[in-house]
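The values are calculated or read from the model by the stated rules, or taken from the named source; none is laboratory data. Keep in mind that what you see is a predicted model, and the values were worked out from it rather than measured. Counting neighbours? That spans all protein chains shown, and the Cβs are built from the backbone with ideal geometry, glycine included.
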Amino acid sequence: MRNLLITSALVTGFAGAAFAEAQVMPYGPALSGEVALTFAETAAGKWAATSAFDLGIDVSGVSTIDLDFSATDGNAVTLDNWTIGTEVAGFGVAIGDDNGVMPGAEGEQTLAAAAMAESVQVTMGAISAAVGFTDITTDITDISNVQGAIVLPVIAGIEVTAAADYNLNTENTVLGAGVAGVDLGVASLGGAVSYDVDATLIGYELVATQSALTAYINGDDTDMLQNVGGEFVYGIAGAELTTGASYNFNSEEISPSIKLSFAF
């Protein structure tokens, strides 16, 4: 945590020095977050609860810190993901372990997983790139993979994201594309497609959203219908109750879940 705070201070200080003439000095950080409790069925057929804490700190829109924690009853709180970044005049830099630029979806059971651990992400307008490290705590010169993406506006609010990941260790390439903003009138449609070059496998997922309801369906070119799922979000006195489930057509198993969350 000490190193995390020091890094945050350095990033914030650099941004302030570089753009001092163009920026108004912030009066103080704005704190936001979410506390969630999720109930889901385990592999043993039992229902279990998992706690999650998402903490965000924004310094007048210039610097941000995002920390994602999780915990189970009786165990220590674990920092799952963290990101520290700054954005000024359309140019952004972020470092952390949640900065991949490949397009995603909802279930993501059939999309090629272009994993990226700690990384540095650079964004300029619609273009973004990320460089991943094998282990940032031992050797920052050991690069594991690189990613790049570009967001292209099409028509009437529809955006297409084209991306690629190259792994320097396996020499494998994963291509990805995402679509968002397709208005069908009764619902909006989006989704993602991936292609793993070594596996020669195409995965897809379609996502439909209608108000508080989100549903998805996915598969790949060897089995077009593998998973279907969805969730519905209820607003309850400042909190959100999310009920959802996914069904695997091959195993014929359904995985329900319930999440209660409070945002601040």
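If you go through region 176-205 and keep only what is at pLDDT 95 or above, among the hydrophobic types (A, V, I, L, M, F, W, C) and under 17 Å from the mean Cα position of the chain (by Cα), you end up with 177, 179, 192, 193.
Within region 233-243, the set of residues being surrounded by fewer than 14 Cβ atoms within 10 Å (Cβ to Cβ), in contact with a strand residue (DSSP E or B) (Cβ under 8 Å, 6 or more places away or on another chain) and among the hydrophobic types (A, V, I, L, M, F, W, C) comprises 239, 241. Across region 32-46, the qualifying residues are those that are surrounded by 12 or more Cβ atoms within 10 Å (Cβ to Cβ) and not aliphatic (A, V, I, L, M), and the one among them that is farthest from residue 255 (Cα to Cα) is 32. If you go through region 65-108 and keep only what is under 23 Å from residue 261 (Cβ atoms), at pLDDT below 90 and small (Gly, Ala, Ser), you end up with 70, 71, 74, 76. Close contacts from region 112-127, counting a first residue that is under 13 Å from residue 98 (Cα atoms) and a second that is assigned to a loop (DSSP other than H, G, I, E, B) and at pLDDT 95 or above, with Cβ to Cβ under 7 Å and a gap of 6+ residues or different chains, come to 114/102; 121/101. Selection within region 54-95: residues that are aromatic (Phe, Trp, Tyr) and buried (at least 17 other Cβ atoms within 10 Å of the Cβ). The member of this set that is farthest from the chain's Cα centre (by Cα) is 69.
Inside region 145-163, residues that are in a strand (DSSP E or B) and either among the hydrophobic types (A, V, I, L, M, F, W, C) or crowded, with 19+ Cβ neighbours inside 10 Å (or both) make up a count of 11. Strands (runs of 3 or more DSSP E) fully within region 64-139 that include at least 2 residues being β-branched (Val, Ile, Thr) and farther than 25 Å from residue 179 by Cβ: 78-88, 91-96, 127-135. Condition check for residue 226 on (1) of a type outside the set (A, V, I, L, M, F, W, C); (2) closer than 29 Å to residue 34 by Cα; (3) at pLDDT 95 or above: one failure, at (2). All of 166, 204 fail the test of being part of a strand (DSSP E or B), within 22 Å of residue 132 (Cα to Cα) and of a type in the set (Phe, Trp, Tyr), apart from 166.
Looking across region 181-195, the residues that are in a strand (DSSP E or B), under 19 Å from residue 107 (Cβ atoms) and in contact with a Leu (Cβ under 9 Å, 6 or more places away or on another chain) come down to 182, 189, 190, 191, 192, 193, 194, 195.
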